[in-house]
Structures are given as structure tokens and as C-alpha cells.
Amino acid sequence: MSIPLSDPTTTGHHAVPEPPRAATEGRGWAWGGIVTALGGLAVFVASGPLWPYEESDMRDNTRMVDRFDGSAQGWVFITQLAFTAAALGAVLFGAGLRRRLERQCPAGSLVPTTAYLGMLLIGVMSLVGAGMGTEAFHNLRMADKTDPDTIIGELAQLGTYGWVWSGLLLTAAALAVAAFRQGAVSRWIGVVSLIFGFLTLVTQVLPFQYMALFVGVPYLLVIGAAFAFGRGPALG
């Protein structure tokens, strides 16, 4: 009996195509959520030295500017870098989250896109915060030539605009729906999303947008870590 010399996957001269291999989904995107949260923490730390005022200074912007020492520019620069990192991390996390949810949610569901757009909005507002850092940095550098009212106004905006994180409501709501109605993620993620989503809503509808720091940072740390280290497609 002779041994066939032809490849068993061929018939004559025509090769039989192999079935496509399933793509391996990495988890690097999940670190984007963690980077966003850590960027927020860095902004919080760097913002402390930018408010050295006494209560008696509040009526006189010149006195408030005089409170700054030579380190103020450096702290503003740190906030710019941190906001930029948070922005890029948010977009990466949102893109990965959309891909993950598209594989788990029913076909045609709006949940994956909604979750992504929420993180995209966070990225946009973080870049706005970074932009305010640029203006504040240069005006502090030329404080002797800049109107103190301008400097104080920019620092106030630096501490607010970057934290208009209303987009987190969309992401949290999408994950809640994915958990309770579609079974695409674990129910505990849905519970966490409902709690932090409500707290985010409170910070955004009341004049306390900057308080989103204390809500968005722990939420993104928990969710980012869940997707980075959790087991199974639905994370438990």
C-alpha cells in the first residue's frame, strides 16, 4: 500500500479552507478605566496646593494670588497631565467596554454604544479640564502682568469643568441594563452601577459638579478592576 503524498486537506489542486480562528480578546482596555480613576486622584492631590486661601481673602483676588508660591505652576501642570491621562484612558476603556458588551448583549442592543458614548463624554470633559490648566499655567507664570481676577477665575474653572462627568450616567445605566435585563454582566456590577450612577446624578443636577471626583474615581476603579481581573464573560 502506497502512502499518499498529497495534503489531507486538499482535493486535487484545490485546498479546503480552514475554519476561521476565534480572536483572543485582551484585557488591556480595562486598564483604561483604572488610568482614568488614577488620573482623577492625581488631579485631586495636585489641586490642594492651588487653594491656599484664608476665608478673609475671598473678597480680594489680589490677596488670593499673592498666596501662591513658586510651586503653583507645577501643580497646575500636573493637573493638565492627569486630566489628559484620564481623557485617553476613558476613551480606551469605553471602546473596550463596547466590544465586550457587543459580544454579550443581544444583537441590535443600544447598551454597548451607550456605554461607550458615556466614557467618550468623560474623555471630552477631561480634555476641557486640561485646557483650563494650560491657561492657568501661563497666567500664573506671568502673574505680575495678568489681572488677578482672570487667574482666580481660571483656577475656579479648572476645579469644575473637568468634573462635569454626566457621561458616567450613561455608562452606569448601560451596565445596569446589561446586568439586570440582558444578563451580559454580573448582577453585582449592575448593583454597583445603580448606586454610583445615582450618586453621579446628584452631583450633576445640583451645583456640585466637582464632587463627581468622589463618585467617579471609586466607581471606575471598581469597574476597571472587575473587567481587568474578573473571570468569565459575565464576570461571575
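The values are calculated or read from the model by the stated rules, or taken from the named source; none is laboratory data. Just so you know, these numbers come straight off a predicted model, no measurement behind them. Positions of Cβ are generated from backbone atoms using ideal geometry, with glycine treated the same way; all protein chains shown enter the neighbour counts. Each accessible area value is taken on the protein alone, full model and side chains, heavy atoms only, with ligands, DNA and RNA left out. Shrake-Rupley method; radii C 1.70, N 1.55, O 1.52, S 1.80 Å.
Here the helices (runs of 4 or more DSSP H) wholly within the stretch 99-196 that include at least 1 residues being of a type in the set (A, V, I, L, M, F, W, C) and within 19 Å of Phe77 (Cα to Cα) are 111-141, 148-158.
Being aliphatic (A, V, I, L, M) and surrounded by fewer than 19 Cβ atoms within 10 Å (Cβ to Cβ) is the requirement here; does Val124 meet it?
yes
Only a single item in (1) open to solvent by 30 Å² or more (accessible area, probe 1.4 Å); (2) touching a Cys at 6+ places or on another chain (Cβ under 8 Å) is not met by Phe77, and it is number (2).
Pairs meeting the criteria (first residue in the stretch 171-192 and touching a residue at least 24 places away in the same chain (Cβ under 8 Å) and open to solvent by less than 30 Å² (accessible area, probe 1.4 Å), second residue assigned to a helix (DSSP H, G or I) and polar (S, T, N, Q), beta carbons under 6 Å, at least 6 apart or on different chains) are Ala172/Ser193; Ala174/Thr114; Leu175/Ser193; Ala184/Gln104.
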